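Working notes, structure below.
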Amino acid sequence: MILLHVPHAGGGELQSCLAGLPDIISESTINVSLPPVLQTKWNATKEAQEVAELNTFFNNTGLPRTPINHIVKWLTDWVREYGVDGFRLDTYKHIEISHWGTLKTQADNALAQWKAENPTKKLDDKPFWMVGENYGSGITKYEDAVNIGKTDALINFNFQGQGGNFATIDNIYSSYASVANPDPAWNFLSYISSHDTHLSDRNNLINEGSTFILLPGAVQIYYGDETKRLAGIGPGDQPTRSDMNWNSIDQGVLVHWKKLGQFRQKHPSIGAGAHLKTNTTPYTFKRSLSRSDAQDNVMVVMGASGNVSVNVTSIASWTNGTILRNFYTGQTAVVSGGTVTFAAGTNGVLLIENPNPVIFPSVAASPANNSYNPLGHTVCLSATSIDCSPVTVYYTYDLNASETNFSSWTTYNGCFNIYENNTLKTIAVNNINGLKSDVLVLNYYVSLPEMNIYYKNTNAYTNVYCYHWNTLPASTGNSSTAWRKVMTLICDNNTTTKVDDWYVLTLPATLTTNLIFNCGNNTCQTGNLNAPGPLGFYENNAWLTTVPASYCSDCKSVSNTGNAGYGSLRYAIGCAVSGSTLEFDPSLHNQTITINTPLTIDRNLVISATQNITVSANGTSGSIFTINANKDVTIKGLDLICGNGATGRCISNNGRLILDNVEMTDNNAPPNSSSVVNGSAGTINIKNSVSLLKNN
């Protein structure tokens, strides 16, 4: 059953019964079944259907059957069945924040599923969006909401009552843009009217609309703000919830708000761009945005009258001779002497734009990056250009493929299936002018990947610890909280101190986790973080998802022929990043690396030699390479001289091995023995030339 607090039984924001309503015990970790109220309400057919759906949900997600996760399932049913693409999270602070993160993850997956099943109904390929009502929040980034709650925005409670005044609005615009513009992971949602407080000034809706709709960040129009709906009568907050004024709409207000809203929709720089005031009277400002899908610049004038000349030299591309347009009236004018002149309309607003801006396409994918489904994935790609230009989408599984010549890429013609762990990249190209989107790299998992989290010890801590929680999928056994897990020194920069050494934490079969790094106490710890994916490097308070330049050179390249120690092949294999490629210093050309015990490979790895290099175990017992189960390993361009032993003297493989241009010499081969042993779980693929010479 679903566990409830009876009214007034709990305490605090998480356990109290808000407004006298029963409280679901969201903190409970007990597995539960259907609550009696639903068993009573549903007939046998409906109950059997719901139980079957719940079983499928919990089996696929690995989530425990706690009360809150039943709610997550039922909420995401709206997404799966109807394509709902966003939630407003009421009373945000009254639920443990990690549960909002779980809801976001499952809603993302449900929306991707719905879009794949309804390609003609979907509006776009954007992920699910969530905004929380965290009472009292302003514009300041709430790290836990982003990193743990995976929430896209919180409602800003501070703007109401501050709009409509051109003399004071610039300080607000500047401060809001300074928060919204540089951080794509954070947003805030502002309003001027609220059902909980009061309606905005109904006698100033023209100016208030201008300052509000052009606000940086996101904005939320409360019904009737755009039509001059008046307050009703009644106690408490009932006046703010009056009937919509369908029969008394103020057309002047409505037309004004429509133009502002259309301009905002057309220009992403309004909400997400950098803000610069360029004139005080009349109040004039610029918004600029530079990103992969748009180079967007606009200028806005408020409180104007008559003919207004606007200095546009702050926008470098608006040179003399450029034709600009006042979107508010449709009038066009030519830039001359660094200025452009327009006639102000009735409401004194100029919305200046370049009607022919540089626009880059954008590409999206469903399901999202780092998705997991044991049954496989149906991947659907899409691309858009905000000027509606025709766009072609390409994709490839070759991550090294040229990003300027797409002859080796596949042209996307429809959704396709992936039934094994795979990584691909995709790009969109404008068919008319050749402008390209950013490349989107996508990881899809059918079996769960190993997660490796690296931390650079910039402060030379004696030990580095990691606390992880909300680790998913829960069925892997990683879901339990782990405090002060000692991280392993993996990359030693060969200095007398531990400064800038790298440490690693490995979590098997893991997609996501929240974590904190520290030195053993909370005086030297990070804030709450969210791992960026199966591979992440935390350096100087920022995440990287590719091997950073500061990672030890001895873990990326072999520089000597020693059996062990810095620069050796053994050392490099032991500290190489999973999925990376080990190379050899040019000075090792025509040299032999001699080992005295097998080289065990316990991670996904490519060992690639472009020089003539030999690895020899001649005279020693055992293999040259021992490859552990479930590891993807490529050995390329090496000559191998096998060791002694009854069998498997060159390679003992239990993983997925690719041999590419490899020569093996076995000088100690007893009759009927194997130089290469492939275990029951192992596979070997041959590329190009591979040879084995046995000398009995």
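The values are calculated or read from the model by the stated rules, or taken from the named source; none is laboratory data. What you see is a predicted model, and the numbers here were worked out from it, not measured in a lab. With ideal geometry, Cβ positions are generated from the backbone for all residues, glycine too; neighbour counts draw on all protein chains shown. Surface areas here come from the heavy atoms of the whole protein model, side chains and all, with no ligands, DNA or RNA. Shrake-Rupley method; radii C 1.70, N 1.55, O 1.52, S 1.80 Å.
Here is how the numbers come out for the structure above:
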read-out: Ordering of 296-302, 544-550, 233-239, 464-470 by burial proxy (mean other Cβ atoms within 10 Å per residue, highest first); value: 296-302, 464-470, 544-550, 233-239
read-out: Accessible surface, 1.4 Å probe, highest first, among residues Glu47, Glu403, Glu133; value: Glu403, Glu47, Glu133
read-out: Angle between the chain longest axis and helix 251-266 axis [Cα atoms, degrees, rounded to 10]; value: 20
read-out: Cβ-derived FRET efficiency at R0 45 Å, Ser587 paired with Thr410, nearest 0.05; value: 0.65
read-out: The chain - percent of accessible surface contributed by carbon and sulfur, probe 1.4 Å; value: 50
read-out: Cα centroid separation, the stretch 78-110 to the stretch 236-315 (Å); value: 31
read-out: Per residue accessible area of the stretch 1-140, 1.4 Å probe, in Å²; value: 52
read-out: Coil-residue chymotrypsin sites (Phe, Trp or Tyr not before Pro) of the stretch 364-425, DSSP, other Cβ within 10 Å capped at 15; value: Tyr397, Tyr419
read-out: Surface per residue (accessible, 1.4 Å probe) for the stretch 230-324, Å²; value: 51
read-out: Probe 1.4 Å, accessible area per residue of the stretch 480-590, Å²; value: 44
read-out: In degrees, nearest ten, helix 44-61 long axis to first principal axis of the chain (Cα); value: 60
read-out: Contact order relative to length of the stretch 1-160, as percent, for alpha carbon pairs under 8 angstrom and 6 or more apart; value: 20
read-out: Under Karplus coefficients 6.51, -1.76 and 1.60, residue-wise ³J(HN,Hα) of the stretch 355-367 in Hz, glycine/proline x; value: x, 10, x, 7, 10, 9, x, 10, 10, 9, 9, 9, x
read-out: Option label - Cα extents along the principal axes in Å computed here, alternatives (1) 100, 74, 53; (2) 80, 60, 50; (3) 133, 73, 54; value: (1)
read-out: Among beta bridges that DSSP assigns inside the chain, antiparallel share in %, nearest 5; value: 55
read-out: In Å², nearest 10: area of Asp90 left accessible to a 1.4 Å probe; value: 80
read-out: Cβ-isolated cysteines (cut-off 4.7 Å), the chain; value: Cys17, Cys388, Cys466
read-out: The stretch 75-115: relative contact order as a whole-number percent, Cα under 8 Å and 6+ apart; value: 70
